[in-house]
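Single-structure report; data block below.
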Amino acid sequence: MTHFEGEHWLLPQLRRLSKIKPGAFDEVVTHLREFHPGLYEELCLMAVEHGDLEASECAVCLATDVSSLAVRLEIYRSDTGNDENAIMIESDENGVASLVGSRIFVWEIVREYRRLGSLTALKEAYAALTEGELRAALRYAERHETEIENKIRAYEDRFARRNI
């Protein structure tokens, strides 16, 4: 049993603690920042990646400037390529990869990215998704090229048969 499985109760309690006893919650965060600075930084960067924290807020949390933070974010993104996908990508019962919680298929994002030609345009097309989610989908597709190509081809073949 992993710690997360055995301690699934902990996250809701931390949320409650932050509301009921903000001082005690601040102590937990201070402990994390002081005694586990690497983990604290990773959580901050992850929050930016998932759209839960603005880059300027993260820079304050990490006592750095936004330009230095941009470098740290790029390092984080390259270092967590595989780990990030484990958090953000799941496969359904048919083995089709999608973003966790959205049911948007990775192959759809890749197809749209190819059509639009840029991450900026993709972010506009999928405004409800964070840049981190979109990047995770594109990274997943790079590592599972055959799977994604087959899904796109199957969709396009099915679409072409309907228009005959």
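Number of residues in region 9-23 that are assigned to a loop (DSSP other than H, G, I, E, B) and exposed (fewer than 10 other Cβ atoms within 10 Å of the Cβ) equals 1.
Of the listed requirements (1) surrounded by fewer than 12 Cβ atoms within 10 Å (Cβ to Cβ); (2) at pLDDT 90 or above, residue 151 misses just one: (1). Quick one: would you say residue 71 is part of a helix (DSSP H, G or I), over 20 Å from residue 151 (Cβ atoms) and either out of contact with any Lys or Arg (no Cβ under 8 Å at 6 or more places or on another chain) or not assigned by TED's automatic domain parsing to the domain that holds residue 153 (or both)? Criteria met by residue 71. Give region 87-102 a look and list any residue that's touching a Ser or Thr at 6+ places or on another chain (Cβ under 8 Å) and surrounded by 14 or more Cβ atoms within 10 Å (Cβ to Cβ), or say none. Scanning region 87-102 gives 89, 90, 97, 98.
Of note, residue 99 satisfies the criterion of being without any contact (Cβ under 8 Å) to a residue 60 or more places away in the chain and under 17 Å from the mean Cα position of the chain (by Cα).
Do we find that residue 139 is outside the structural domain of residue 47 (by TED's automatic domain parsing) and over 21 Å from the mean Cα position of the chain (by Cα) in this structure? Here the answer is no, as residue 139 does not meet what is asked.
The values are calculated or read from the model by the stated rules, or taken from the named source; none is laboratory data. Small disclaimer: the values here were computed from a predicted structure and weren't measured. Note: ideal-geometry Cβ built from the backbone for every residue, glycine included; neighbour counts use all protein chains shown.
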